[in-house]
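K.L.:
Sharing a structure below in C-alpha cells format, with a few things to ask.
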Amino acid sequence: MKNTIGGGVRLAGLALSIVLPMAACGGSGSDGGGGGGGGGGGGPSGVTLTIKDFAFRPNTLSAPGGQQSTVTITNQDSVTHSFTLNDGGVSRDVPPGQTVQVTVPFPTSGTAGFHCRFHATMTGTLRAA
C-alpha cells in the first residue's frame with residue numbers, strides 16, 4: 001500500500017509540473033496578432049492606446065500608411081474590452097487591468113475604424129501618417 005500511495009503522489013506531482021507551465025501560456029481566446037513585429041508608429045515602441053471610462057484614449061492612432069505597427073493597449077477599466085478592426089482583420093480581448101500588444105496594419109492612405117466588440121459606443125480611427 002505504501003508504494004501505491006507514494007507512486008500516486010509522485011504521479012500527481014508530475015502532472016502538476018506539466019499542467020501549470022501550460023496554463024501560464026494561455027491567451028485571451030481571441031485571435032488577431034500579438035506582440036512583436038511592427039514598424040513605424042513612433043519607432044520601435046509603436047503606438048500606445050489606453051482604455052478608460054469605456055473610451056479609447058486617444059481615439060485616433062497614427063502610423064506610417066501601409067505598414068504594420070504594434071499597438072500596446074492598456075485596459076484601466078474593471079471589465080473586459082476588445083480592440084477590433086471594423087473589417088474584422090484583427091480582434092483582441094483586453095481583460096481588466098491588463099496590457100496587451102497587437103500588430104495592426106495601418107491603411108495605405110486615409111483612415112480605417114476600430115471598436116470594442118462588447119461596447120458599441122467605443123470606437124476609434126487608424127490614420128495613415
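K.L.:
Just the number, please: carbon plus sulfur as a percent of the accessible area of the range 61-129, 1.4 Å probe, no ligands or DNA/RNA counted.
P.N.:
With neighbouring chains kept in place, the figure for the range 61-129 is 46 percent.
K.L.:
Where Rh denotes the Kirkwood radius from the mean inverse Cα pair distance, what is Rg over Rh for the range 56-106?
P.N.:
Reported Rg/Rh, Kirkwood definition of Rh: 0.96.
The values are calculated or read from the model by the stated rules, or taken from the named source; none is laboratory data. Please read all numbers here as calculations on a predicted model, not as lab measurements. Accessible surface is based on the protein model in full, side chains and every heavy atom, while ligands, DNA and RNA are left aside. Shrake-Rupley method; radii C 1.70, N 1.55, O 1.52, S 1.80 Å.
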